[in-house]
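The structure appears right after this line, and notes come after that.
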């Protein structure tokens, strides 16, 4: 329940071009639908819908005008009816914890946040066919606890921060580190409220008495699930997610290599092992600073300005006994199969000079005390954590970060090229290279986090400037981002410029057809409806 503030707050932000009286009528209509306690008009409650890590001088950029917390599909449909009638832009979030990319803040300042956190039911779990059906407010912690407490022999695949929404992370094409790490590909079956209030179920869910909604994604005719990822075409209210059957045993391993240039051989060796099926999980390659930040703050080794010098990074590696690059992988299945796979990968990495392989085997029947204890290892074992947020202590005091997220071919030369591009540009702006890669066979997610002190707005603005420079650098080198912060959604979309931006024209043609009033999440991923297209800005 979120309340606070009054309609007379001095700092109040209204939807663009909307009068106070018109907006008040809209809020009254929304209150009649969800109840006054579930309409946040301002004050401390509305502060929760600002971006806590805003990479700009103004921390209140992209401020909402209000927030609504519906409890069910009928309330969402009624909200959309009012929004269309009164031309109120909405910004949909599942729980709003997409930190580093904007949190719950709307791209169009003055939008009303449609917060689905109260819709938090786990509607179905099938142990035999290995799936769950969930609502948007269900977090990875929630689903994990439900499976554990219910005695199900199924694993979730958690992203770095376990408090996030299963649906929200999947719709943003988030990923984890088990064999089910590609969340968009392990989603099956959606229920969606379109902008006009129409209720749609995709795939086999379109059969009223269907029995395979969470089993076969396409259904009959055109398949639409992917249309609703990273888009503003509808409000997803239910989603099926495939779960990993708990393996009989699993082995968690690490490969450390000592030198910066070893990244190329590490990536090439890993690619071959993933493509031939020896390693089936999304394997994570951590840089030395990213690994160190999970252990201690920067001042343990360096308290100077600017990026950490190379000789200090080397000393830090020796102090912690870590590599310049640290690859985390998992093997899952019958013990004899795992042992054979381990021998294969140990032979493969033996060809990488200086590589050191360590492994630990677990049985799924082990007691909780015998489970992996490190944050990254627990994620590899299907256990959500919040250990990734230790990065915020890297600089001491309240920290923040924004992420640069380019895709990279799973080729050692490309990985080194991207790494050096990012590291060099980050150093120019005074930031450490805190980053690494998550490997999925043919491609790598390269995630670089720009970490800054939250109270130092000049540092936040410098972080935002670095993001834009990196996106330009990447585009010039032939790379593109797969996610971006609100601040640069339009700039990121503009990078996909084949045939004078044909892809964006297609996206906006669909947007105008499905949402002619432009009420759903205008500007998300750079897709603007005709009604708000004048608000586009490449920053």
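Readers should treat all values here as calculations from the given coordinates under stated rules, not as data from a laboratory. Just so it is clear, the model here is predicted, and its values are computed rather than measured. Cβ atoms come from the backbone with ideal geometry, glycine included; neighbour counts cover every protein chain shown.
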Under Stokes-Einstein, the range 422-509 at 10 °C and 1.306 mPa s, with its Kirkwood radius over C-alpha pairs, diffuses with a coefficient in µm²/s of 110 µm²/s
Inter-site label distance for residue 272 and residue 199 at 7 Å from Cα along Cβ, in nm | 5.5 nm
Report, in whole Å, the centroid distance computed from the Cα atoms of the range 180-226 and the range 381-450.
-> 33 Å
Relative to the chain, whose Cα atoms define the longest principal axis, helix 73-86 and its Cα axis are tilted in degrees, nearest 10, by 60 degrees
Measure nothing fancy, just the Cα-based angle from helix 335-349's long axis to the longest principal axis of the chain, in degrees from 0 to 90, nearest 10.
-> 70 degrees
Would you mind ranking 135, 172 by Cβ crowding within 10 Å, fewest neighbours first?
-> 172, 135
Report the convex hull volume per residue for the range 35-107, counting only C-alpha atoms, in Å³.
-> 97 Å³
Kindly state, to the nearest 0.05, the FRET efficiency for residue 14 paired with residue 47, given R0 = 30 Å and r defined as their beta-carbon distance.
-> 0.95
Roughly how compact is the range 168-311, stated as its Cα Rg over 2.2 N^0.38 Å to two decimals?
-> 1.47
Using r as the Cβ-Cβ distance of residue 498 and residue 456, and R0 as 41 Å, what FRET efficiency do you calculate, to the nearest 0.05?
-> 0.55
Relative contact order (percent) for the range 117-190, with alpha-carbon contacts under 8 angstrom and 6 or more residues of separation?
-> 23 percent
Output ordering of 500-508, 516-524, 476-484 (per-residue mean of other Cβ within 10 Å, highest first) is 516-524, 476-484, 500-508
Among 109-120, 350-361, the order from most to least packed when residues are scored by Cβ within 10 Å on average | 109-120, 350-361
Percent of C-alpha pairs per 10 Å bin, the range 305-416, short to long = 9, 27, 39, 21, 4, 0
Per the Kirkwood formula over distinct C-alpha pairs, the hydrodynamic radius of the range 122-245 in angstrom is 14.5 Å
Would you mind calculating the relative contact order of the range 20-115 from Cα pairs under 8 angstrom and at least 6 residues apart, reporting the percent as a whole number?
-> 34 percent
What is the chain's relative contact order, in percent, from Cα pairs under 8 angstrom and six or more apart in sequence?
-> 16 percent
Using the 10 angstrom Cβ neighbour count as an exposure proxy, how do 295, 322 rank, fewest first?
-> 295, 322
For the chain, find the longest principal axis of its Cα atoms and tell me its angle to the long axis of helix 412-428, 0 to 90°, nearest 10.
-> 70 degrees
Value of [θ]222 nm, deg cm²/dmol, for the chain, DSSP H segments ≥ 4, -39500 (n - 2.57) each, nearest 500 | -9000 deg cm²/dmol
Using a Förster distance of 22 angstrom, determine the FRET efficiency expected from the C-beta separation of residue 149 and residue 371, and round it to 0.05.
-> 0.85
